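*Asks:* I have a structure I would like to understand better, so I am pasting it below and will then ask my questions one at a time.
The values are calculated or read from the model by the stated rules, or taken from the named source; none is laboratory data. Only a predicted model underlies this, so the values are computations on that prediction, with no experimental measurement involved. Cβ placement follows ideal geometry from the backbone for every residue including glycine, while neighbour counts extend to all protein chains displayed. In case anyone asks, the SASA skips ligands and DNA or RNA and just uses the protein heavy atoms, side chains included. Shrake-Rupley method; radii C 1.70, N 1.55, O 1.52, S 1.80 Å.
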Amino acid sequence: DNLITAGYVWSPALWTRGPDISDVDIAVEIDGNIAWSGKGVHPFGGVLEPILAYGRTPLDGYGALAKGRIVTTGTLCGLVEIDRPALIRATISGAPPVELRLE
C-alpha cells in the first residue's frame, strides 16, 4: 500500500457494513497472542480523505490512482510491528478472520 508497507493481505469475504467503522472491534494476534485490539479508525479521518489528498499532490512514483489499480484506505488499526516469522490473525467484528503466515 502507499502508506508504508510493501505488501497487502486480502480476503474473499464480503464486507457488508459500508464505510462506517466507528463501532467495529478489531483484534490482531501474533502466534495466538493479542498484539493490538480496539475500535477501528480510518488513518486519515475517513474513507475518501487519502484519495483526495493524493489527487491534490500526486506521488507520481507510485502511480496509485493509475487505471486498473485497486485503491484501499489503509489500515484500520495502525501498524503492528512483526519482526520474526509468525502466524498473524486479524479479526474485524462481523467478518470472518484473516490469517497470514510470515516465513
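*Asks:* LYS39 versus (1) at pLDDT below 75; (2) surrounded by 10 or more Cβ atoms within 10 Å (Cβ to Cβ): which is the lone unmet condition?
*Replies:* Unmet for LYS39, out of (1) at pLDDT below 75; (2) surrounded by 10 or more Cβ atoms within 10 Å (Cβ to Cβ): (1).
*Asks:* If I ask for residues that are open to solvent by less than 90 Å² (accessible area, probe 1.4 Å), at pLDDT 70 or above and closer than 20 Å to VAL9 by Cα, which ones from the stretch 52-70 would you list?
*Replies:* Those that are open to solvent by less than 90 Å² (accessible area, probe 1.4 Å), at pLDDT 70 or above and closer than 20 Å to VAL9 by Cα: LEU65, GLY68.
*Asks:* Can you pull out every residue in the stretch 71-82 that is modelled with pLDDT of 80 or more and open to solvent by 50 Å² or more (accessible area, probe 1.4 Å)?
*Replies:* Passing the criteria: GLU81, ILE82.
*Asks:* Mind listing just one residue for me: the one in the stretch 1-28 that is at pLDDT 85 or above and open to solvent by less than 50 Å² (accessible area, probe 1.4 Å) and, of those, nearest to ARG84 (Cα to Cα)?
*Replies:* Looking only at the stretch 1-28, we keep the residues that are at pLDDT 85 or above, and these are 24-28.
Adding the requirement that they be open to solvent by less than 50 Å² (accessible area, probe 1.4 Å) leaves 24, 26-28.
Details: VAL24: 28, ILE26: 22, ALA27: 19, VAL28: 15 Å.
Checked the stretch 1-28; the qualifying residue nearest to ARG84 (Cα to Cα) is VAL28.
*Asks:* Determine whether the stretch 83-91 contains at least one residue that is surrounded by fewer than 16 Cβ atoms within 10 Å (Cβ to Cβ) and at pLDDT below 75.
*Replies:* Taking every residue of the stretch 83-91 in turn, none turns out to be surrounded by fewer than 16 Cβ atoms within 10 Å (Cβ to Cβ) and at pLDDT below 75.
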